[in-house]
1. In what sequence do 89, 80, 57, 25 fall when counting other Cβ within 10 Å, fewest first?
2. Over region 24-106, what is the mean sequence separation of C-alpha contacts under 8 Å (at least six apart), divided by residue count, expressed as relative contact order in percent?
3. Using the number of other C-beta atoms within 10 angstrom as an exposure proxy, rank 85, 105, 40, 29 with the fewest first.
4. In Å, what Rg and Dmax follow from the Cα atoms of region 24-106?
5. What fraction of the DSSP beta bridges in region 24-106 is antiparallel, stated in percent and rounded to the nearest 5?
6. Return 54, 48, 69 ranked ascending by Cβ neighbour count within 10 Å, so the fewest neighbours appear first.
7. Between residue 58 and residue 39, what is 0.36 nm times their sequence separation minus the Cα-Cα distance? Round to one decimal in nm.
C-alpha cells in the first residue's frame, strides 16, 4: 500500500486505520458496496437505471453488479454512454436547469 493510503500491514494483512468515505445515499464506500440511489432522472423527466460496476471499482469500491456510488469518476451515463463526472457527459444529460439531479433510492 502507498504511504498515507489509510491502510497499513499487520502480520501480512491490511488493517484499516481511517473510516471509509460516505456516499450521499448514506452508505460507506466499503469494498463490495453499492449506492442506494439506483435511478437518475434525465433533463426531460425520464428515469434511467444507473451504471453498475463490471469489475470491482477502483474509485468508489462498488462491487461487481452494484451501482457506483454517487460522484464516482468511473460511472457511465445511461443516456449517452459518456463518463458522468468530469468526462464526455459531465452530467449534461441530467442538467434540468435547477442544479439538482433527480435520484431514486431502493
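Rule-based calculations on the coordinates, nothing more; no lab input. None of the values given here were measured: they were computed from a predicted structure. Backbone-built Cβ (ideal geometry, glycine too); neighbour counts: all protein chains shown.
1. Numbers: 89 20, 80 14, 57 24, 25 17.
In increasing order of surrounding Cβ atoms, one gets 80, 25, 89, 57.
2. Working: 176 pairs, mean separation 25.7, N = 83.
Once divided by the residue count of region 24-106, the mean separation gives 31 percent.
3. Numbers: 85 16, 105 10, 40 24, 29 20.
In order of increasing Cβ crowding within 10 Å: 105, 85, 29, 40.
4. Every Cα atom of region 24-106 included, Rg and Dmax give 11.9, 34 Å.
5. On the way: 9 of 11 bridges.
So the antiparallel bridges in region 24-106 amount to around 80 percent.
6. On the way: 54 10, 48 15, 69 27.
Going from least to most buried by this count: 54, 48, 69.
7. Working: separation 19, 0.36 × 19 = 6.84 nm, distance 2.16 nm.
Here the answer is 4.7 nm.
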